[in-house]
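The values are calculated or read from the model by the stated rules, or taken from the named source; none is laboratory data. Only a predicted model underlies this, so the values are computations on that prediction, with no experimental measurement involved. Note that we place each Cβ from the backbone using ideal geometry, even for glycine, and neighbour counts take in every protein chain shown. Keep in mind that these areas ignore ligands, DNA and RNA; they rest on the heavy atoms of the full protein, side chains included. Shrake-Rupley method; radii C 1.70, N 1.55, O 1.52, S 1.80 Å.
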Amino acid sequence: MTDWNAYRAHLGESIHAFATLSPDTLRGLQTLDGAAARTGRLDAKTRELIALAVAVTTRCDGCISVHSKAAVQAGATKEEIAEALGVAVALNAGAAVVYSSRVLDAVDSVQG
């Protein structure tokens with residue numbers, strides 16, 4: 001079991017250390033992170049729900065930690081989060097089917 005609060009704090013320290021070593025990388029990430037919010041077309045809660053679904057599909061514990069807190073702070077309910085995660089699950093399963101068909105196509109191309 002993970003202590004998500006302790007993990008989030010540790011992650012912040014580790015990222016700060018990385019930022020010291022590679023400041024341009026972190027500035028670039030901050031630019032990307034802020035760019036989506038600047039359009040104002042999606043509210044913070046919706047962006048955080050999307051971020052959680054993506055975090056699940058990319059298997060990023062750091063993203064899960066940070067965006068879980070941000071989603072709750074943006075007003076997302078546990079039920080809304082579960083629905084967003086359901087979309088992630090459906091897409092991952094769907095993606096596996098799509099990529100399975102690609103594997104079969106690749107195998108067919110090798111076998112002639």
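Structural remarks
- Residue match in the stretch 83-102 (condition: free of Cβ contacts under 8 Å to residues at least 40 places away in the same chain and closer than 20 Å to residue 2 by Cα): yes
- Filter result for residue 85 (under 18 Å from residue 33 (Cβ atoms) and not in a loop (DSSP other than H, G, I, E, B)): no
Per-residue answers, yes or no, for (1) touching a residue at least 24 places away in the same chain (Cβ under 8 Å); (2) open to solvent by less than 60 Å² (accessible area, probe 1.4 Å); (3) touching a Ser or Thr at 6+ places or on another chain (Cβ under 9 Å); (4) under 27 Å from residue 79 (Cα atoms):
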{"residue": "8", "(1), (2), (3), (4)": "yes, yes, yes, yes"}
{"residue": "18", "(1), (2), (3), (4)": "no, no, yes, no"}
{"residue": "28", "(1), (2), (3), (4)": "no, yes, no, no"}
{"residue": "32", "(1), (2), (3), (4)": "no, no, no, no"}
{"residue": "35", "(1), (2), (3), (4)": "no, yes, no, no"}
{"residue": "41", "(1), (2), (3), (4)": "no, no, no, yes"}
{"residue": "44", "(1), (2), (3), (4)": "yes, yes, no, yes"}
{"residue": "50", "(1), (2), (3), (4)": "yes, no, no, yes"}
{"residue": "55", "(1), (2), (3), (4)": "no, yes, yes, yes"}
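- Scanning the stretch 83-108 for residues that are among the hydrophobic types (A, V, I, L, M, F, W, C) and open to solvent by less than 90 Å² (accessible area, probe 1.4 Å) gives 84, 85, 87, 88, 90, 93, 95, 96, 98, 103, 106, 107.
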